1. Cβ-Cβ distance below 7 Å, separation of 6 or more or different chains: which pairs start in region 108-129 with a residue that is farther than 25 Å from D168 by Cα and end on one that is open to solvent by 10 Å² or more (accessible area, probe 1.4 Å) and modelled with pLDDT under 95?
2. Would you call A194 open to solvent by 30 Å² or more (accessible area, probe 1.4 Å) and in a helix (DSSP H, G or I)?
3. Given L184, L160, L169, which one is within 23 Å of V4 (Cβ to Cβ), open to solvent by 80 Å² or more (accessible area, probe 1.4 Å) and modelled with pLDDT of 70 or more?
4. Filter region 43-59 for residues that are aliphatic (A, V, I, L, M) and crowded, with 20+ Cβ neighbours inside 10 Å; which is nearest to L121 (Cα to Cα)?
5. Does V199 satisfy the condition of being assigned to a helix (DSSP H, G or I), more than 24 Å from A58 (Cα to Cα) and of a type in the set (V, I, T)?
6. Are any residues in region 3-32 more than 17 Å from the chain's Cα centre (by Cα) and part of a loop (DSSP other than H, G, I, E, B), and if so, which ones?
7. Filter region 122-142 down to residues that are touching a strand residue (DSSP E or B) at 6+ places or on another chain (Cβ under 9 Å) and not in a strand (DSSP E or B) and give me whichever is most open to solvent (accessible area, probe 1.4 Å).
8. Give region 143-157 a look and list any residue that's assigned to a strand (DSSP E or B) and either open to solvent by 20 Å² or more (accessible area, probe 1.4 Å) or β-branched (V, I, T) (or both), or say none.
Amino acid sequence: MTRVSVELVPRSRSGLRAEIAQVAASLSSVDTVNIPDLTRYSLRSWLGCAFARPHHAAVPHLRAVDFNPREPLPFLDTLEQHGLSEVLVVTGDAPADMSAKVYDQDAVDLIRRLRREAPHLTVYAGLDPYRQSFARERDYLERKLDAGATGFFTQPFFDLRVMDAYSDLIPDGAQIWWGATSILTESSLNYWRARNHAVFPARSRPPWSATARSLPTCSPSPASAASTRTSCRSR
């Protein structure tokens, strides 16, 4: 089954509602919205995902470091209330506000807990081809699968050869959302190089446009990819 998701940043309630409406009006192929949980904004991802229902499926990002392992998970009631059955678990960056409370656990810990406490959920994990070596990312992928992840959302790939290499690691039956993004300006290129350590092929020539601002477009998965799911994002 083909699915396409757009990642929307929850900067404000009104802004998120407007972007969801724009997706519905302009991108008929998009059936899913995924929303990151960013500590610099007050709107939590699972509450933002509720705005997308019932027109779109919605996938909140959950930061493992934010949840006390000895207290109930605060998002489960919201997920059930709004019919949200999919989540993406990430470890989470350190908060900008160093007084914020975080816990010593990673994505694997939260995935394992969700398999115990909410087995009805489809739990995705993250896959980032540029954050560490190929071997270490492969080992991390396998730990997440062992903990109970049923699939992955990837960071954007900028080289189909790298995408093919990672597709060979994905076991049969795993659900994969292949990341894609539009790079319309030099500042966007620099963002991905600096923030995500992305490596671009020497022959690539992004279409610079200083005034371009639009919802992201999606690029197709290579023929050897394990699924036809795509997750698009803009920066």
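The values are calculated or read from the model by the stated rules, or taken from the named source; none is laboratory data. None of these values were measured; they are calculated from a predicted model. In this analysis, Cβ positions are derived from the backbone assuming ideal geometry, glycine residues included, and neighbour counts consider all displayed protein chains. Accessible surface areas use protein heavy atoms only, side chains included; no ligands, DNA or RNA. Shrake-Rupley method; radii C 1.70, N 1.55, O 1.52, S 1.80 Å.
1. As it stands, the answer is none, since no pair meets every condition given.
2. So A194 fits the description; yes.
3. Testing whether each residue is within 23 Å of V4 (Cβ to Cβ), open to solvent by 80 Å² or more (accessible area, probe 1.4 Å) and modelled with pLDDT of 70 or more leaves just L160.
4. Looking at the filtered set, the residue picked out is V59.
5. The answer is no for V199.
6. S12, L27, S28, S29
7. R131
8. T154, Q155 - these are the residues of region 143-157 that are assigned to a strand (DSSP E or B) and either open to solvent by 20 Å² or more (accessible area, probe 1.4 Å) or β-branched (V, I, T) (or both).
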